[in-house]
């Protein structure tokens with residue numbers, strides 16, 4: 001009985017520890033994104049966020065968070081900046097397309113063809129971008145190879161893709177209902193969920209390679 005209580009206490013403590021760490025990491029992400037005038041800061045800050053969550057998941061401990069975050073930002077500038085420019089460019093293109101479609105008269109072609117296509121491409125952008133970050137952190141790939149592998153992992157891992165999309169939707173719904181959480185979990189919650197999923201997926205991929 002005492003062991004069960006101790007186990008439950010440990011789970012609760014770990015839960016609140018993660019809540020505090022994710023909130024702090026999210027604030028650091030905002031700080032370093034703004035410090036880099038957004039366009040120069042968002043990419044390195046995003047990779048730093050994912051990288052520290054990955055370390056916490058694997059090592060179980062994360063000390064000197066600010067210093068580690070700053071070091072990760074500096075380490076990922078070369079990869080993170082062009083990656084973020086490419087991702088933001090695609091997102092801007094999709095946003096403009098959606099605004100144009102909304103301004104057009106309603107038709108069956110738009111309702112049944114154009115809008116679903118834009119939604120699918122938007123979902124693929126989120127997934128491929130997420131996998132690209134994971135592959136960069138896991139295998140230290142350069143930008144173009146990481147994007148290519150992110151695309152192929154998306155095609156061969158449908159279950160992982162569905163789970164990550166659900167994680168993205170869960171965060172979006174949570175922030176929609178509780179906007180006060182935005183400064184603390186606007187990206188860190190999705191980063192945690194997707195990094196946890198990718199860690200397991202990459203481990204399975206490595207085990208399959210070893211068994212071949």
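Every number here is computed from the coordinates shown, using simple stated rules; none is lab data. It should be emphasised that the depicted structure is a prediction, and the values quoted were computed from it without experimental measurement. Cβ sites come from the backbone with ideal geometry, for glycine too, and all protein chains shown count toward neighbours.
Between residue 124 and residue 67, the distance separating the two model label sites (each 7 Å from Cα on the Cα→Cβ line) works out to 4.5 nm.
What the Cβ-Cβ distance of residue 99 and residue 172 gives, at R0 = 30 Å and to the nearest 0.05, is a FRET efficiency of 0.95. Counting 0.36 nm for each residue step from residue 151 to residue 35 and taking away their Cα separation leaves a gain of 38.7 nm.
Looking only at the range 52-95, which residues have a backbone nitrogen under 16 Å from a spot 7 Å from the Cα of residue 144 in the C-beta direction? Correct set: 79, 82-83, 86. Note on residue 13 and residue 59: with the Förster distance fixed at 25 Å, the Cβ-Cβ geometry gives a FRET efficiency of about 0.90.
For the chain, a Gaussian network of Cα nodes joined below 10 Å ranks 21, 156, 135 by mean-square fluctuation, and the top entry is 156. As a proxy for reagent exposure, ranking 197, 12, 42, 115 by other Cβ atoms within 10 Å from fewest up yields 12, 115, 197, 42.
Taking 52, 94, 28 in turn, the Gaussian network model of the chain (Cα-Cα springs below 10 Å) assigns the largest fluctuation to 94. Seen against the Cα atoms of the chain and their longest principal axis, helix 115-139 is set at about 40 degrees.
A Gaussian network model of the chain, with springs between Cα atoms under 10 Å, assigns the largest mean-square fluctuation among 134, 89, 113 to 113. Arranged from fewest to most other beta-carbon atoms within 10 Å of their beta carbon, 16, 69, 50, 184 become 16, 184, 69, 50. Arranged from fewest to most other beta-carbon atoms within 10 Å of their beta carbon, 159, 53, 110 become 159, 110, 53.
Taking each DSSP H run with n ≥ 4 as -39500 (n - 2.57) and averaging over every residue of the chain yields -28500 deg cm²/dmol at 222 nm. You can think of it this way: the chain between residue 85 and residue 186 has 34.4 nm of extra reach, that is 0.36 nm per residue less the Cα-Cα gap.
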